[in-house]
Amino acid sequence: MKTARRILLIAFVVLVNAFTASMVLPFILIDSDLFNDTDFLNFVMTAGLGALALAFLVSIACIVVAFASLGSLTSRPDQQRGLGLQVFVCKLLMIPYFVVTFAYALLLAFASSLLTLSIHLASMGIIFGTMMVVLVPVMSLVNYLFLMATSSFAISNIVLAYRKGLIVFSTAVVFVILQLFPIADVASYGFIVRHFRTLESQAQSRANPGSL
């Protein structure tokens, strides 16, 4: 199960960043001859959309495995070792995706507003506006699913800490809520992992008072 979690997390992050690269690459190549190569750009966009579709499926698998593995993590603490750091690193590597998709949404909104104000290009502005009405809710849903792909593992760690008696119920609820919101999930998880490690060290010290 530990290997499956690691493979899913790595595959998920790689696929998401491949899609992010496909969104950024056309802007990087804007002064290059490749920018005028239609076949190349079509390949980049097709590969990016394929990576996005696969990332969507893998994110669902991450969520399923995260909660399905709670039983094995409870009975075998060694299966949890290293998971906190892995999740934190994956959350950090997801930041470019969220930044780029947010920038695209702002760019689309700006283009729609600018074109709508133009007498000759108002129809294009309406088209861009319609695209926003469709794409923004869809991408918001996808983004939240991607957020949960890593947060589900974080939440499983929080549940395990509560089951071990390391934290009280109210603290567990606050930690879980923080994992349900973008930015807050990344900002809080580093503290949560460090807090859990401190509590576990203190618990081990109390259990073995004679050990150094």
Condition first: of a type in the set (Val, Ile, Thr) and either in contact with a Pro (Cβ under 7 Å, 6 or more places away or on another chain) or more than 16 Å from Gly165 (Cβ to Cβ) (or both). Now tell me which residues in segment 191-203 satisfy that.
Ile192, Val193
From the options Ser151, Ser156, Ser188, Ser170, residue that is of a type in the set (S, T, N, Q), out of contact with any Pro (no Cβ under 8 Å at 6 or more places or on another chain), open to solvent by 40 Å² or more (accessible area, probe 1.4 Å) and on the phi < 0 side of the Ramachandran plot
Ser170
If Arg6 passes every condition in (1) open to solvent by less than 70 Å² (accessible area, probe 1.4 Å); (2) under 20 Å from Cys90 (Cβ atoms); (3) of a type in the set (D, E, K, R) but one, which one does it miss?
(1)
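The values are calculated or read from the model by the stated rules, or taken from the named source; none is laboratory data. Not measured: the values here are computed from a predicted model. So basically every Cβ, Gly included, is an ideal-geometry build from the backbone, and we count neighbours across all protein chains shown. Ligands, DNA and RNA are excluded from the accessible area calculation, which covers all protein heavy atoms including side chains. Shrake-Rupley method; radii C 1.70, N 1.55, O 1.52, S 1.80 Å.
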